[in-house]
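For reference, the structure is listed below as structure tokens.
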Amino acid sequence: MSDGGNDPVAAADVARAKALVRGAFAAVPQPARWALRGSSEGTEPFLVEEEFGARGDWTTLDAAFLDQAPDGYGSALSFLSDEAFRHYLPAYLLADLDGALQRVEPDFHLWHGLTDENAARPVNPRRYGARSWADYARFRFSVFTRAEVEAIVAYLRVKAAQDPELTGPRIAQALARYWLPRLERDAERAP
């Protein structure tokens with residue numbers, strides 16, 4: 001995971017994305033411990049609650065913690081509540097932009113459900129009926145403000161440029177299907 005290497009344009013894009021992330025998420029409140037986990041199924045959500053509940057806000061978390069949380073699984077982004085996802089996501093984005101994550105891929109959590117391959121796929125028909133991955137993603141991402149969406153778009157554009165063969169096309173679909181229309185819609189609603 002490169003930070004742009006010697007390419008000054010890519011380095012400038014990374015620096016811009018990092019500045020947008022820091023600015024957009026600076027005032028997002030830390031959720032209460034009871035609001036950290038998004039599920040009560042299995043052990044991982046409870047490990048997430050325990051580990052993140054014992055930590056400070058997102059600005060205090062280092063990449064080593066993020067890459068293993070919880071308990072070496074590196075799956076915390078899958079088990080955080082929507083509120084906690086919004087609060088802790090910037091720590092993951094910054095660590096990823098710094099090339100400091102080895103296991104966790106925050107971009108996956110921002111494009112999954114928004115691509116041709118999985119948008120219409122049901123999440124779990126027995127439990128959630130007709131809810132698709134796109135429905136899940138749109139609901140989860142609805143918590144983000146316009147500035148946060150702008151920061152996420154900048155991050156996703158960097159990630160797409162860093163991996164144009166594999167992740168790039170998926171990110172392009174997610175940008176076209178959700179993130180860019182959302183940014184445009186939010187701009188139209190702004191006072």
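Local charge sum around LEU114 (other residues, Cβ-Cβ under 12 Å, Lys/Arg +1, Asp/Glu -1)?
Net of charged neighbours comes to +2.
Just to check I understand the Karplus step: with θ = phi - 60° and J = 6.51 cos²θ - 1.76 cosθ + 1.60, what whole-Hz values come out for the stretch 80-88, glycine and proline as x?
Values per residue, Gly and Pro as x: 6, 5, 4, 4, 6, 4, 4, 5, 8 Hz.
If amide H atoms are built 1.01 Å from N in the plane of the peptide, which residues on other chains or at least 5 residues away come under 5 Å of the amide H of ARG37?
Long-range HN contacts for ARG37: SER81.
Using helices alone, what [θ] at 222 nm do you get for the chain, with -39,500 (n - 2.57) per DSSP H run of 4 or more residues, divided over all residues and rounded to the nearest 500?
So the calculated ellipticity at 222 nm is -16000 deg cm²/dmol.
Applying the Karplus parametrisation 6.51 cos²θ - 1.76 cosθ + 1.60 with θ = phi - 60° to the phi angles of the stretch 29-44, what ³J(HN,Hα) value in whole Hz is obtained for each residue in order, glycine and proline being reported as x?
x, 6, x, 5, 3, 5, 9, 7, 9, x, 7, 10, 9, x, 8, 4
Looking at the stretch 97-147, what % of the alpha carbon pairs are farther apart than 15 Å?
Summing the P(r) tail past 15 Å for the stretch 97-147 gives 56 percent.
Excluding ASP71 itself, what net charge comes from residues whose Cβ is under 9 Å from its Cβ, given Lys and Arg +1 and Asp and Glu -1?
-3
Which far-off residues, 5 or more places away or on another chain, put their amide H under 5 Å from the one on SER132, with H placed in the peptide plane?
VAL123
Are there trypsin sites (Lys or Arg not before Pro) in the stretch 58-143 that DSSP marks as loop and that have at most 16 other Cβ atoms within 10 Å, and which are they?
ARG103, ARG131
Cβ under 15 Å from ARG37's Cβ, ARG37 left aside: what net charge do those residues give with Lys, Arg +1 and Asp, Glu -1?
Neighbourhood net charge equals -4.
Every number in this text was worked out from the coordinates using simple rules, so none of it is lab data. On a predicted model such as this, the values are computed, not experimentally measured, just so you know. Glycine gets a Cβ as well: all are built from the backbone with ideal geometry, and neighbour counts include every protein chain shown.
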